[in-house]
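The numbers here are math on the coordinates, done by the rules we state, and not lab data. Since the model is a prediction, treat every value here as computed from it, not as a measurement. Don't worry about glycine lacking a Cβ; one is built from the backbone with ideal geometry, like all the others, and counts go over all protein chains shown.
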Amino acid sequence: MKCRDCLKALGQAPRIFADDHGGKFPYGATNSLAFTNETAAWLHYTAMWQEIIAPIPLACPADRGRYTNRADFFTTSRTITNEAGEIVRFTSSREGSGASLRALNEIQNRGVSYFIALETDAASHPSALLMGDRDLSTNTASVRGNVLAFGSSNPPSWTSLIHRDGGNLLFVDGSVEWTTTSQLHQRVATNGVANNRLLMPW
């Protein structure tokens, strides 16, 4: 599975989640595990466990350290209680392979390659950034804790930490694009969002 494919696999989860939570993504949904959380990107993905099912796509294959140590389950117990109060147990395709199986609640952000946008909803700004590769520079953007904030006048740039000459972005409308730094800047300038706030998996 390539990075673009991982983001495509994740892309439907926020929209399905929003359909069930008044148009809100995990940050804005009051009954979400990640409601107003600005420190743990992994918790935002865990909040969408019913839509994602398994956390393996959270690690980009090109992000070698995180992909090698990727999570197979959301929790150590390999179970999660759904909204109906039913206990759901998970298995992994790597069971019996000799690989060390890990839970996202143990490795947390170390099992995540992608940022997730805060304060974005499903109805507004379909071209807004929603998820993307974590290798964004912090030279021009404002950094507060794990949140990278910027507008059209101070957008970040791609580094070469994961990919060369660019990175992948998932937008609110579910589309995925490979962008160079100049294309990223153009996207930020035209996405209709004055203040972008991205929770980074640092």
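Among the cysteines of the chain, Cys6 have no other cysteine beta carbon within less than 4.7 Å of their own. When each of Ile162, Ile53, Ile87 is scored by the number of other beta-carbon atoms lying within 10 Å, the sequence from fewest to most is Ile87, Ile53, Ile162. Taking square-rooted eigenvalues a ≥ b ≥ c of the alpha carbon gyration tensor, is region 123-202 rounded, prolate or oblate, where a/c under 1.5 means rounded and, failing that, a/b exceeding b/c means prolate? Since a/c stays below 1.5, the shape of region 123-202 is classed as rounded. For region 10-86, the set of GluC sites (Glu not before Pro) satisfying both a DSSP loop assignment and a count of at most 11 other C-beta atoms within 10 Å is given as Glu83, Glu86. Name the residue from Thr76, Val172, Ile87 whose Cα lies farthest towards the positive end of the charge dipole of the chain, charges +1 on Cβ of Lys and Arg and -1 on Cβ of Asp and Glu. Positive-end residue among those listed: Thr76.
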